[in-house]
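Asks: There's a structure below that I have some questions on.
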Amino acid sequence: MARRAQLFVATHAGALARADALDSGQRPQSETPHVELTDLGALDLELLGEEAARAVRFGRGDLEPAEVDLAHELLFKLPPFLVEVLGELSRVEDPDLPREVADAWSASAERDPHEGDPLPVVLGIVGVVVAAEQVGRGVYLWVSQT
């Protein structure tokens, strides 16, 4: 069975409420920008951040999503550096760079193999990050417990 995940824009309180709804199988009340992800977790986003940072020449910073709350073990917040790096993929002048990052991320030896084109996934993630930057909120990752 595929692991479900969702990347979304929220405040801390909003993230906790959304995680509670998702954990219980309910539809969250908030229509915040989000993207559904299949078989991805916090490590996958960290690895994507490594590829993106290398591609946009951002140097080094915190790329590891952090647990948000003891009662929500599978709810993570993306650190500001990771958000900034991923957001930069929407602003690069080279239109091929997002594809290069997606392909490098997909080929990473640290990731489980995934079928399909990784570019739409990367663009969906970048879209959520850009939406969060625009409203000044955080980016959170919820991963299903099953």
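Asks: Would you point out which residue out of 101, 126 is under 13 Å from residue 48 (Cα atoms) and under 13 Å from the mean Cα position of the chain (by Cα)?
Replies: 126 is the lone residue from the list that is under 13 Å from residue 48 (Cα atoms) and under 13 Å from the mean Cα position of the chain (by Cα).
Asks: Now a separate question. For region 72-95, which positions are open to solvent by 90 Å² or more (accessible area, probe 1.4 Å) and in a loop (DSSP other than H, G, I, E, B)?
Replies: 91, 93, 95
Asks: Considering each of 29, 6 in turn, give the residue that is without any contact (Cβ under 8 Å) to a residue 40 or more places away in the chain, within 18 Å of residue 140 (Cα to Cα) and not aromatic (Phe, Trp, Tyr).
Replies: 29
Asks: Among the residues of region 1-47, count how many are small (Gly, Ala, Ser), in a loop (DSSP other than H, G, I, E, B) and surrounded by 19 or more Cβ atoms within 10 Å (Cβ to Cβ).
Replies: So the count comes out to 0.
Asks: Select from region 130-146 the residues that are at pLDDT 95 or above and assigned to a loop (DSSP other than H, G, I, E, B) and write down the one among them that is farthest from residue 44 (Cα to Cα).
Replies: My answer is 136.
Asks: What are the pairs, 6+ residues apart or on separate chains, where a residue within region 111-131 that is touching a residue at least 24 places away in the same chain (Cβ under 8 Å) and closer than 12 Å to residue 38 by Cα has its Cβ under 7 Å from a residue that is open to solvent by 20 Å² or more (accessible area, probe 1.4 Å) and in a loop (DSSP other than H, G, I, E, B)?
Replies: Hits for this filter: 114/39.
Asks: Still on this model: Mind checking which residues of region 48-71 are more than 14 Å from residue 106 (Cβ to Cβ) and either touching a residue at least 60 places away in the same chain (Cβ under 8 Å) or crowded, with 19+ Cβ neighbours inside 10 Å (or both)?
Replies: 49, 53, 56, 63, 65, 68
The values are calculated or read from the model by the stated rules, or taken from the named source; none is laboratory data. Worth saying up front: this structure is predicted, and the values here are computed from it rather than measured. When we count neighbours, we look across all protein chains shown, and the Cβ atoms used for this are built from the backbone with ideal geometry, even at glycine. Quick note on the areas: whole protein, heavy atoms, side chains included, nothing else; ligands and nucleic acids left out. Shrake-Rupley method; radii C 1.70, N 1.55, O 1.52, S 1.80 Å.
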